[in-house]
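Worksheet: the structure to be examined is printed underneath.
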Amino acid sequence: MERIEKTKLPQHIAIIMDGNGRWSKVNSVSRIEGHRKGAESVRDIVKTCREIGIRYLTLYAFSVENWLRPTKEVRALMGLLEKFLRSELREMEDSGIRLMTIGDIEALPEKVKKLLQKTIEKTSNNNGMVLNLALSYGGRDEIVGAVEKILEDIDAGKIGPADITKETFSDYLHTSDIPDPDLLIRTSGEYRISNFLLWQMAYTEFYFTGTLWPDFRRENLIEAIVDYQERERRFGRTSDQLSGD
Ligand code: IPE
Ligand code: IPE
Ligand code: MG
């Protein structure tokens, strides 16, 4: 933690938590056991982000494509989510964490949906850190959904075509209250974004690691942040412009 430059913290970290299945293979346990171990990493990383002073943490917990997995695995993932929400509410309240979600929450089982609503409500006044869970999330679905809502508002006469800008478009996304991620981490050695935050990651710094998600803990996160802090974010400009030369 001492290695982190406090004045250059990423405001928003997004993580594609991948590799639970491969971890289970390596360790000769069931895939479900791999997900269970992955949930331990979630706890560790949430806690570490809070301690470091990260303002927003978005975790890709379940993609809209993940519904295509075997029913038994989907059910187990939903069960783990439920367990996580039940066991972490107290911790979130104590450490000032506010829960938010992005994705098609309506598609989730009723029990999980209710629990999410309750947790979101109970933590809504916390301002230590936002924990944003991407659930039944798909970046393309989100963008298409935004277009549909914009058309509805145009039809209703609330806005006109001239009102549509990059900024107003962002307001129609699930992340309207959340800044774009500064740093994206993907574990397990895959180099793709798998339909995650397509619009929002226009200028995000990417960090890929071969570490499998159940093995990704505090020290690995610190490593990723240190790596991020060594980069120069130019946003299209030249290096000289940034240093004021
Ligand atoms: C990530 O691990 C968890 C989810 C996608 C829900 P995986 O289950 O995708 O692990 P691999 O990719 O099979 O190793
Ligand atoms: C991405 O991982 C989704 C989550 C981590 C929730 P996947 O394992 O589903 O991604 P692909 O299918 O390998 O691209
Ligand atoms: Mg995977």
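The values are calculated or read from the model by the stated rules, or taken from the named source; none is laboratory data. Note that the structure is predicted; figures quoted are calculated from it, not measured. Don't worry about glycine lacking a Cβ; one is built from the backbone with ideal geometry, like all the others, and counts go over all protein chains shown. Protein only, heavy atoms only, side chains kept; ligands, DNA and RNA dropped before computing areas. Shrake-Rupley method; radii C 1.70, N 1.55, O 1.52, S 1.80 Å.
Per-structure values
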| quantity | calculated |
| --- | --- |
| Residues being in contact (Cβ under 8 Å) with a residue 40 or more places away in the chain, open to solvent by 10 Å² or more (accessible area, probe 1.4 Å) and more than 8 Å from ligand 2 (Cβ to nearest atom) - total across region 6-22 | 6 |
| Among the candidates K25, K72, K37, residue that is near ligand 1 (Cβ under 10 Å from one of its atoms) and over 18 Å from A134 (Cα atoms) | K25 |
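This table checks each residue for (1) more than 16 Å from ligand 3 (Cβ to nearest atom); (2) of a type in the set (V, I, T); (3) open to solvent by less than 10 Å² (accessible area, probe 1.4 Å); (4) out of contact with any helix residue (DSSP H, G or I) (no Cβ under 8 Å at 6 or more places or on another chain).
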{"position": "S176", "(1), (2), (3), (4)": "yes, no, no, no"}
{"position": "I185", "(1), (2), (3), (4)": "no, yes, yes, no"}
{"position": "R192", "(1), (2), (3), (4)": "no, no, no, yes"}
{"position": "F196", "(1), (2), (3), (4)": "no, no, yes, no"}
{"position": "Y203", "(1), (2), (3), (4)": "yes, no, no, yes"}
{"position": "G210", "(1), (2), (3), (4)": "no, no, no, yes"}
{"position": "R218", "(1), (2), (3), (4)": "yes, no, no, no"}
